[in-house]
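The values are calculated or read from the model by the stated rules, or taken from the named source; none is laboratory data. Treat the numbers as computed from the prediction; the structure is a model and nothing was measured. Here the Cβ is made from the backbone with ideal geometry for all residues, glycine too, and neighbour counts use every protein chain on show.
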Amino acid sequence: MLCALLAAALTAVGAFAAEEESDRFVRKRVAAMFAAQAALDRLGDMSAGRRRFDAAIAREARRDLIALARAMPGLFRRQRVDAQSRALPRIWPQWRQFRDEARHAERAARDLNAGSLNRLRQGLPAVVNACLDCHRSFRRPP
């Protein structure tokens, strides 16, 4: 499942990656971030009423977020920084904190109840905040 997510996201990143030469490990990380953002967008659109709530789609997005959060440390295992990446070099000297942030995001995604709109609305802020916590610490602002 994770491979399919990353493959789809890599396709979406194709034009972005074509603009500049980039490391294949960085491309995988960028693709994973795009895939996570797409899952959060689906859930956020349902939560905000911009999209009709669909429990099956919400559960699928939740599963995607769990898989992506679990995979995140492995995607950053190799220290690579290039123009496509907003990853800060402090990830690697602060590896334990980075890994803990990813675990926190995975727990928040696991705790998300995507079975009803009300439960989704209750749990989604914790997932978003877990992602943002890591980004505040380890991602260069756009």
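Observations, loosely collected:
- Within the stretch 43-92, tally of residues that are outside any helix (DSSP H, G or I), β-branched (Val, Ile, Thr) and more than 17 Å from ALA31 (Cβ to Cβ): 0
- Output for the stretch 53-65, where each listed residue is surrounded by fewer than 22 Cβ atoms within 10 Å (Cβ to Cβ) and hydrophobic (A, V, I, L, M, F, W, C): PHE53, ALA55, ALA56, ILE57
- Test: residue in the stretch 97-110 that is farther than 19 Å from ALA31 by Cα, modelled with pLDDT of 95 or more, aromatic (Phe, Trp, Tyr) and surrounded by 14 or more Cβ atoms within 10 Å (Cβ to Cβ): no
- For the criterion of being among the basic types (Lys, Arg) and either in contact with a helix residue (DSSP H, G or I) (Cβ under 9 Å, 6 or more places away or on another chain) or farther than 23 Å from LEU117 by Cβ (or both), ARG42 passes.
- Counting the residues of the stretch 129-142 that are touching a helix residue (DSSP H, G or I) at 6+ places or on another chain (Cβ under 8 Å), surrounded by fewer than 16 Cβ atoms within 10 Å (Cβ to Cβ) and either at pLDDT below 95 or within 16 Å of LEU65 (Cβ to Cβ) (or both) gives 2.
- Within the stretch 115-142, residues that are under 15 Å from ASP100 (Cα atoms) have Cβ atoms under 7 Å from residues that are at pLDDT 95 or above and β-branched (Val, Ile, Thr) in these pairs: PHE138/ILE91, counting only partners at least 6 apart in sequence or on another chain.
- Which numbered condition ARG77 misses (of (1) without any contact (Cβ under 8 Å) to a residue 24 or more places away in the chain; (2) within 21 Å of VAL128 (Cβ to Cβ)): (2)
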